[in-house]
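Presented below is the structure to which this report refers.
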Amino acid sequence: DCKVRAEKGGASAQYNLGLMYDYGKGVPQDYKEAVKWYRFAAVQGETQAQYNLGWMFSNGLGSLQDYKEAVKWYRFAAVQGDNQAQNNLALMYYEGKGVKQSKVMAHMYFNIAAVSGNKNAIKGRGLVEKDMTATQIEKAQDLAREWMSKHQ
């Protein structure tokens, strides 16, 4: 039983139980329970749980909307190579949600996600570039290379 394994501390089971509550599969849909189980798994390093927890906080599902908390969990997932988390971090920087607005940082994360094949990031990078100077783009590219050499 998934709940028994989750209660014993298995990150994978905790993530799966979070998914069940998130989507109402086999249990009544309950975003607060989903957040609870995602958090248990996320703290243990479960990448998809970290991403989902970021999404929940970003959208105020099962918790108050908290962009800073969303950014925190997206960062953890991004470092582990989740290109959707990298893309969402770029959006947070682009919109100034939970972080100081920065086209350079947005471009950096769009670039990182684009390298992993995220099609939305490729589009996002193109859009943000339109409002950037050549110097800003170069800085963002340097930061992206630095980030990737450190985290991949």
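Could you please give the count of residues in segment 88-106 that are of a type outside the set (S, T, N, Q) and closer than 10 Å to S58 by Cβ?
4
Might you let me know whether segment 115-135 holds any residue that is under 14 Å from A78 (Cβ atoms), among the hydrophobic types (A, V, I, L, M, F, W, C) and surrounded by fewer than 21 Cβ atoms within 10 Å (Cβ to Cβ)?
Looking for residues that are under 14 Å from A78 (Cβ atoms), among the hydrophobic types (A, V, I, L, M, F, W, C) and surrounded by fewer than 21 Cβ atoms within 10 Å (Cβ to Cβ), one finds at least one in segment 115-135, hence yes.
Does any residue in segment 132-152 that is under 16 Å from A113 (Cα atoms) come within less than 9 Å, Cβ to Cβ, of a residue that is among the acidic types (D, E) six or more places away or on a different chain, and which pairs are these?
I137/E129; A140/E129
Which ones in segment 7-27 are in a helix (DSSP H, G or I), under 15 Å from R39 (Cα atoms) and open to solvent by 30 Å² or more (accessible area, probe 1.4 Å)?
E7, S12, Y15, N16, L19, M20
Looking at (1) under 27 Å from G9 (Cα atoms); (2) part of a helix (DSSP H, G or I), find the lone condition where G62 falls short.
Every listed condition holds for G62 apart from (2).
Taking the condition of being in contact (Cβ under 8 Å) with a residue 24 or more places away in the chain, in a helix (DSSP H, G or I), surrounded by 21 or more Cβ atoms within 10 Å (Cβ to Cβ) and not hydroxyl-bearing (S, T, Y), how many residues in segment 43-59 meet it?
Counting residues in segment 43-59 that are in contact (Cβ under 8 Å) with a residue 24 or more places away in the chain, in a helix (DSSP H, G or I), surrounded by 21 or more Cβ atoms within 10 Å (Cβ to Cβ) and not hydroxyl-bearing (S, T, Y) gives 5.
For segment 67-85, check the following and say yes or no: at least one residue is of a type outside the set (F, W, Y), open to solvent by 30 Å² or more (accessible area, probe 1.4 Å) and free of Cβ contacts under 8 Å to residues at least 12 places away in the same chain.
No - not one qualifying residue is present in segment 67-85.
Go through segment 24-42 and count every residue that is under 19 Å from Q84 (Cα atoms) and without any contact (Cβ under 8 Å) to a residue 24 or more places away in the chain.
Here the count works out to 1.
The values are calculated or read from the model by the stated rules, or taken from the named source; none is laboratory data. Treat the numbers as computed from the prediction; the structure is a model and nothing was measured. Cβ coordinates were reconstructed from backbone atoms using ideal geometry, including for glycine residues, and neighbour counts include every protein chain displayed. Accessible surface areas use protein heavy atoms only, side chains included; no ligands, DNA or RNA. Shrake-Rupley method; radii C 1.70, N 1.55, O 1.52, S 1.80 Å.
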